[in-house]
Amino acid sequence: MNRRQLFYAGLIASFALSALAHYLHWNQMFLFAVSAISVVFVAGFLGQATESVAHYAGQRLGGFLNATFGNAAELIIAIFLVKAGSFETVKASLTGSIIGNLLLVLGLSIFLGGLKFKEQRYNVQLANHNSTLMILAIVALFIPATFVSAEHFTFRKDQILSITVAIILIVSYLLWLVFSMITHKDMLSDMEDKAEAQAGEHHEEPLWTLKRSVLYLVLATVMVAFVSEWLVGTLHSVSARFGLSELFIGAFVVAIVGNAAEHSAAIMLAMKNKIGAAVEIAVGSSLQIALFVAPVLVLISGFFGPTMDIVFTPIELAAIAVSVFIAKAVASDGRTNWYEGFLLIMVYIILGFAFFLV
Amino acid sequence: MNRRQLFYAGLIASFALSALAHYLHWNQMFLFAVSAISVVFVAGFLGQATESVAHYAGQRLGGFLNATFGNAAELIIAIFLVKAGSFETVKASLTGSIIGNLLLVLGLSIFLGGLKFKEQRYNVQLANHNSTLMILAIVALFIPATFVSAEHFTFRKDQILSITVAIILIVSYLLWLVFSMITHKDMLSDMEDKAEAQAGEHHEEPLWTLKRSVLYLVLATVMVAFVSEWLVGTLHSVSARFGLSELFIGAFVVAIVGNAAEHSAAIMLAMKNKIGAAVEIAVGSSLQIALFVAPVLVLISGFFGPTMDIVFTPIELAAIAVSVFIAKAVASDGRTNWYEGFLLIMVYIILGFAFFLV
Amino acid sequence: MNRRQLFYAGLIASFALSALAHYLHWNQMFLFAVSAISVVFVAGFLGQATESVAHYAGQRLGGFLNATFGNAAELIIAIFLVKAGSFETVKASLTGSIIGNLLLVLGLSIFLGGLKFKEQRYNVQLANHNSTLMILAIVALFIPATFVSAEHFTFRKDQILSITVAIILIVSYLLWLVFSMITHKDMLSDMEDKAEAQAGEHHEEPLWTLKRSVLYLVLATVMVAFVSEWLVGTLHSVSARFGLSELFIGAFVVAIVGNAAEHSAAIMLAMKNKIGAAVEIAVGSSLQIALFVAPVLVLISGFFGPTMDIVFTPIELAAIAVSVFIAKAVASDGRTNWYEGFLLIMVYIILGFAFFLV
């Protein structure tokens, strides 16, 4: 059995065992352990599939696909939470997902990529647009929070403002896709793509055909969604046993698990010097959560009962703002090195520790 | 009658009708409608005059003249409000004017220019200096607000701090004019200017001679001032009839009407691919309000009675800060496209909606 | 006696007189006056020694040495204050030192250098990294303050968070030295260095040999430490006599005196068109205080009694944040001119005036 065959054996075995443990209601601690191992395998599988698709589609579209498939799992989990009325947990996990992508995924990618390559570069124009969109996300989340607290809004006004902001964010996100994928596609394409195309550097053969890559991408996403849900289901018992708060579980444990796909894919790409695609996954995934997943959840919540407002707590807002500003400072020059990645990880640790103490 | 003659007929007719309606005390709703139509014509006239002057003076000086003549009207209106002691309304309209210029005027210019041209460029150095000045304005407005609220300043200390900050801002603005018009003029001149000069591209004949252009510029400004005042005079009745708050009227309706000149001129220039001049008008006008008009009003208020302090409310400060940061993010790379303009307009709509609900 | 001999005579005479006045307990006002004069001389001496070392070591290492020797004095004074339990005074003087370096030292250097040279340039990459580190410092100071105030932390949690943040900051600072002095040294070296090296422009002979320069650097630092302490010792009497608050004394008077070395060296270098070294001193010194001196004081305080927390007051945080953002806006393009220096000084005056009124 060679290395690849060993990987697939582990993938199938850990997934099957987790499924059995979940549906036959085995011991929660065992399910936690086995599904955590399974997450590592399915995330690795998703990473391979994404990379193979990216071979055909280019780094940017590949990154977008990865971010979208990665967030699909989170959206599904969040809809169940919204239906159950756990608005605070939903917001905590959205916050955790944004800061996890901007600090941990981006930080690890830049750090590990930077240990291997002295300096990695990517398209500055894209970095600028991503920064601007991150600022929009902050602004859009900041305005309702300021007005609601400063002016003692009624519950009804709060909801109207939340729905309006949600619609504007969704429209902005859809037009961003039009802009970046259609009208200004060429301007934002990666320099590496161009450089590779010119140098005819595509020596490395993709793992699979395009059709099979897409199929595996979908399959891997579905597996991630299932395993994530099983793992999340055990967290209540685990947190009770280890004495962790719900906020910390939502913002850090759930978010890290839910972003396993982004983690593995982004780091794998960064270590192959495709830092452009890694940044696209990490930043694109945060943007998608702030500009699309969060507002969609606000609108969906209306179907189940009272609308969830878009007002985050001060410490959630502070954590998001801090992450955006440090990520913007690091990413805005289109060059990265190990120290920049290290700084992002440090800020993540400080935030994680502060949330842990709350 | 050709198209131009029709325009002048409309200009004169609507202005004359508004004057009659105002001085003969006709129905307020009629005056509102007719003066609103007149504003469109006189703003268009002012735009033509500015563009003609810019033909002779270069884009930057032309932009400065337009911003100054546009703000002259606002300053006059604000002095009347200060004399009447309506400090809160003055600050609301200053806030509205800053965010209106940074978000709506700049946003519409970039958006409409961007629909016509794939990418528009302007001098990055100038963009950097403008950003730095906008940060100064935020800092200068933010410090008094922080200290006054954090330390329970006495009324007297509040006034001393406000007067000091006002004097520093005015000195900074005057030295900025020295810097940008005298000592470092060449460094900040637009690339388009240079490119045009090199290519000898000045095919398009200016509308009028320099002398006549300047005369029309002054005439158009005076007409804008008059019509604006008549329109503002009707707003109290209009707001009562439609149930709008004073804050919303001050920050949005007055500001949009008062900035009609900047709007028309900036958009017209952007659509002729002179985005440098459009940015100069929009950003320059906000800077002039924050660094010159607001502090001058603080100093002038001392002649009429108790000095107006320079302390804005938290939501006004939040709105200004948000506008500066998003405009800085959009403008700092010296390149614009339709999506960046769209984002600015979206932030304006979110802010407008939040102010409307207060 | 030529000009240089006159300088050394003044240096020795003022230092000796201050020592006598201090140890023989002469009149406090006399000691204040004579030690203030002495500070000017020893700071000038330190500036010469730094410049001479920088001749041998390059602008960046020279700047780092100057910042470190300058801050050594401050660290010693602060340790005595921590031992006495004056935590608030320590934080006020750390705040004052950060804003003094970022606004006054940097502002005067850029302003005076800009009056002599139309535009001064330095390495943009270094500017970007310095900005990112300044953002890290803000973030690290901002997170404890937000969490402590938002969540009513217990005293114990406050201390644990402070110690964790302190350790992370120290590790970040040490790795920054590894990054900037070892792994990416070449990337951050100054363009002027390269240009000079290429042009063989080192016409100007250094004052002393390398050995003697280092000896004088250490000697000058020790003299600065002594004179600073004697001067600081008189401030209590002086403040009582002139009616100034402890906060103002700590944040402005102590900070200006304590940074005399950075002032004189940075300004001297800026006026010789070595703006890269001047920025390195001013920004590097602030970074060292935020990322190294402050956390070391937190850890040291634990040996004397209850640990000093890292939570600054809202107005201190606001002052630091404001300074970082305006300095970042000014320094981020790697070009400076007199107006940018002027703006920094204006913000310093506004902050100083606000602190004076508290």
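Scanning region A:159-169 for residues that are among the β-branched types (V, I, T) and more than 17 Å from A:I138 (Cβ to Cβ) gives A:I160, A:I163, A:T164, A:I167. Annotation: of all residues in region A:198-244 being surrounded by 11 or more Cβ atoms within 10 Å (Cβ to Cβ) and of a type in the set (D, E, K, R), the one that is modelled with the highest pLDDT is A:R212.
When each of B:I275, B:I281 is tested for being open to solvent by less than 10 Å² (accessible area, probe 1.4 Å), touching a residue at least 60 places away in the same chain (Cβ under 8 Å) and touching a strand residue (DSSP E or B) at 6+ places or on another chain (Cβ under 6 Å), the lone residue that passes is B:I275. From the list C:I99, C:I76, C:I110, C:I138, the lone residue that is in a helix (DSSP H, G or I) and at the interface with chain A (Cβ under 10 Å from one of its Cβ atoms) is C:I138. Test A:T68 against the criterion of being away from every other protein chain (no Cβ under 14 Å), polar (S, T, N, Q) and surrounded by fewer than 24 Cβ atoms within 10 Å (Cβ to Cβ), and give yes or no. Here the answer is yes, as A:T68 does meet what is asked. Counting only helices (runs of 4 or more DSSP H) wholly contained in region C:245-328, the ones carrying 2 or more residues that are more than 17 Å from C:F64 (Cβ to Cβ), at pLDDT below 85 and among the aliphatic types (A, V, I, L, M) occupy C:255-258.
For every residue, the table says whether it meets (1) within 17 Å of A:A290 (Cβ to Cβ); (2) modelled with pLDDT of 80 or more.
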| residue | (1), (2) |
| --- | --- |
| A:V53 | no, yes |
| A:F64 | yes, no |
| A:A72 | yes, no |
| A:A84 | no, no |
| A:K91 | yes, yes |
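Only a single criterion out of (1) out of contact with any Gly (no Cβ under 7 Å at 6 or more places or on another chain); (2) of a type outside the set (G, A, S); (3) surrounded by 17 or more Cβ atoms within 10 Å (Cβ to Cβ) is not satisfied by C:T89, namely (1). Considering region A:336-354, and only residues there that are more than 8 Å from chain C (Cβ to nearest Cβ) and not hydroxyl-bearing (S, T, Y), the residue that is surrounded by the most Cβ atoms within 10 Å (Cβ to Cβ) turns out to be A:L344. Only one entry in B:F303, B:F292, B:F312 is within 14 Å of chain A (Cβ to nearest Cβ) and either in contact with a helix residue (DSSP H, G or I) (Cβ under 7 Å, 6 or more places away or on another chain) or open to solvent by 20 Å² or more (accessible area, probe 1.4 Å) (or both), namely B:F312.
Do you know which residues across region B:141-166 are among the hydroxyl-bearing types (S, T, Y), facing chain C (nearest Cβ under 8 Å) and more than 19 Å from B:L299 (Cα to Cα)?
Hit for region B:141-166 is B:T146, nothing else.
Only residues that are within 17 Å of the chain's Cα centre (by Cα), modelled with pLDDT of 80 or more and either more than 8 Å from chain A (Cβ to nearest Cβ) or over 28 Å from C:T95 (Cβ atoms) (or both) were counted in region C:114-135, giving 1.
Among residues of region A:136-168 being open to solvent by 60 Å² or more (accessible area, probe 1.4 Å) and aromatic (F, W, Y), the one that is nearest to A:K91 (Cα to Cα) is A:F142. Does region C:167-183 include one or more residues that are at pLDDT 75 or above, farther than 27 Å from C:V124 by Cα and within 12 Å of chain A (Cβ to nearest Cβ)? Taking every residue of region C:167-183 in turn, at least one turns out to be at pLDDT 75 or above, farther than 27 Å from C:V124 by Cα and within 12 Å of chain A (Cβ to nearest Cβ).
The values are calculated or read from the model by the stated rules, or taken from the named source; none is laboratory data. This is a predicted model, so every value here is computed, not measured. A quick note on method: Cβ atoms are made from the backbone with ideal geometry, for glycine too, and the neighbour counts reach across all protein chains shown. Keep in mind that these areas ignore ligands, DNA and RNA; they rest on the heavy atoms of the full protein, side chains included. Shrake-Rupley method; radii C 1.70, N 1.55, O 1.52, S 1.80 Å.
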